[in-house]
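Take a look at the structure below.
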Amino acid sequence: MHPTITTLQDVVAKGREEDIHPLLARDVAFMPPTYWATWTGREPVAAVLGHVGQVFSDFRYRRVMGAGKDWALEFQCRIGDLDAVGVDLITLNDDGLIQVFEVVMRPHKSVGALRDAMNKRVMSDARFLKFREALS
């Protein structure tokens with residue numbers, strides 16, 4: 001398995017953006033499951049993933065599939081009292097850093113709970129005003 005994928009499995013559930021940051025390409029693209037938008041750039045993506053790690057509980061990867069640059073990591077977690085399953089679709093760049101990180105999840109009710117929890121966290125994190133302006 002690629003060392004970036006191995007490390008990602010160890011750090012993503014901890015929600016420590018300082019551990020996630022070095023795994024990301026400078027211009028990484030992150031597509032969340034909660035809305036149709038893309039976060040771009042190492043700092044905002046690490047911040048988003050750090051918050052997600054704080055929202056999820058009982059997070060664990062169930063299966064890891066892939067080789068070379070393309071990986072799919074199936075996970076399960078809880079968001080409050082709701083169960084969820086999902087897949088992290090990851091593409092690495094030539095340097096072995098995460099270039100594209102897309103998340104798909106189900107069920108719909110759990111994705112809605114994730115959206116609500118993330119909105120609350122983002123509204124209390126002043127850095128996201130700057131990051132959101134960069135999205136516009």
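FYI, it's all coordinate maths here, none of it is from the lab. Bear in mind the structure is a predicted one, so any value in this text is a computation, not a measurement. Please note: Cβ atoms are built from the backbone with ideal geometry, for glycine as well, and neighbour counts cover all protein chains shown.
Tabulated data
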| item | result |
| --- | --- |
| The chain, relative contact order [Cα under 8 Å, separation at least 6], % | 23 percent |
| Convex hull projection area averaged over all views, the stretch 3-127, Cα basis, nm² | 6.9 nm² |
| Computed label-point distance, nm, for sites N119 and A72 using a 7 Å Cα→Cβ extension | 3.1 nm |
| Lys/Arg +1, Asp/Glu -1 at C-beta; the chain dipole; positive extreme among A46, M65, G96 | A46 |
| Whether the stretch 13-73 is rounded, prolate or oblate, judged on the alpha carbon gyration tensor where a/c under 1.5 counts as rounded | rounded |
| Rounded, prolate or oblate (a/c below 1.5 giving rounded, otherwise prolate when a/b exceeds b/c) for the stretch 63-112 by Cα gyration tensor | prolate |
| Spatial separation of Cα centroids for the stretch 1-24 and the stretch 32-77, in angstrom | 10 Å |
| Sites D10 and V104 - FRET efficiency at Förster radius 25 Å, r taken between beta-carbons, to 0.05 | 0.70 |
